[in-house]
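These notes are about the structure you will find just below.
None of the figures in this text is laboratory data; all of them are computed from the coordinates on show. None of these values were measured; they are calculated from a predicted model. So basically every Cβ, Gly included, is an ideal-geometry build from the backbone, and we count neighbours across all protein chains shown.
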Amino acid sequence: MNRVILSVPAVLFTAFQAFTWAQSPTPPVVAFDILKTDIDLLLKNAPPAVDQQIRVVDMGKYNLGVGIIHRGPTNDKPGDPVTGPYHDYTAETYIILSGGGVLTTGGTIGDKKPSNAVNVMNGPGGNGTAGPGAYSRKVGPGDIIIIPAGVLHAWSQITDQVTYLSARPDPDRKLPAGYVNPLLPKKPGPAGKVDSAGDIKRT
């Protein structure tokens, strides 16, 4: 199996924000930033292991979610069974910010436990154990991993921590469009002032 990980020196990430929870037939016409201060605030107010959705945006034909995830050390040993989630409808793109560990993806899913619960992070899915055909590798800062819908993904051998962004396209609209994490202000417009030329100026 080929390794699909790209190393980048820095990650710049911009996301769109919808104004309402209702799904719209057309995409928004403005762009919104997810600021580092937003991410720092969520991580500061999170337990040691957490998956927090930052925003879910109505892009017109689909929704787009962006989450921040922080995981602490694991207690597993090399060769132990690896368990993790899969998502029925939403793919994910991991952008590793700090730390690292072993990420296992793909293959058959053993002991599959579907869940009817629909969460704000990834929609419906379940958990299982990585089986034949799964691929394990060490990942760290700057790596990017693309995980299609339905593919199991599981962390192991995290010695300290791993923190990463996750971009989640949602073509089946299983995520709540317009969602903003409750810890963040719901800004009605871009995070800055518009000058006479129509450019956004940071405040």
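At-a-glance table
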read-out	value
Near-label residues of segment 145-159 by backbone N, under 18 Å of a point 7 Å along Cα→Cβ of Ser98	158-159
Sites Thr108 and Asp51 - FRET efficiency at Förster radius 22 Å, r taken between beta-carbons, to 0.05	0.35
Anchor Lys61: aspartates and glutamates whose Cα lies under 12 Å away (excluding residues fewer than 8 positions away in-chain)	Asp170, Asp172
DSSP bridge orientation in segment 40-142 - percent antiparallel, rounded to nearest 5	100 percent
Spacing of the two label points (7 Å from each Cα toward its C-beta) at Arg173 and Val30, in nm	2.3 nm
Footprinting exposure proxy for Val29, Val102, Val82 (fewest neighbouring C-beta atoms within 10 Å first)	Val29, Val102, Val82
Separation of the Lys61 and Gln161 label points, Cα + 7 Å toward Cβ, nm	3.9 nm
